[in-house]
Amino acid sequence: MADWYVENMGMVIVKQQDQLPFMTFLADDSGQVMIEIYSNPIDQVPNYREMNPLIVHLAFVSDAPDRDKARLEKAGAIALSDDILEDGSHLVMMRDPWGLAIQLCKRAIPMLK
């Protein structure tokens, strides 16, 4: 999973354990945002594939949501929705190969600098 996010979402592995629980910290290209993925045997992994993507998703800024959508589909992601909002924002909701929802966002008025 970590490799997929590195190869397809521009993330960088900052720290990674090679034994249980395989904690992996991934940073975005700003160096200000990090996500952590791991397998903790204390509880089962939620069934993200069955969850409404509006409950939890990872949002990524995209300058070209259509192009990124096509590229991610080739890498095993599944498209769920593709919406242009009234303000001109373009939002694409997808699932990564493990079922976790990811959103590609091209906001008409950027939220981040």
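The values are calculated or read from the model by the stated rules, or taken from the named source; none is laboratory data. None of the values given here were measured: they were computed from a predicted structure. For neighbour counting, all protein chains shown are included, and Cβ atoms are generated from backbone atoms with ideal geometry for every residue, glycine included.
Only a single item in (1) closer than 17 Å to GLN103 by Cβ; (2) of a type outside the set (S, T, N, Q); (3) touching a strand residue (DSSP E or B) at 6+ places or on another chain (Cβ under 8 Å) is not met by ALA27, and it is number (1).
If the condition is being among the hydroxyl-bearing types (Ser, Thr, Tyr) and over 17 Å from TYR5 (Cα atoms), then the stretch 59-100 contributes SER81, SER89.
All conditions but one from (1) modelled with pLDDT under 95; (2) touching a His at 6+ places or on another chain (Cβ under 8 Å) apply to LEU112; the one that does not is (2). Quick check, is ILE42 hydrophobic (A, V, I, L, M, F, W, C) and within 16 Å of ALA2 (Cβ to Cβ)? The answer is no for ILE42.
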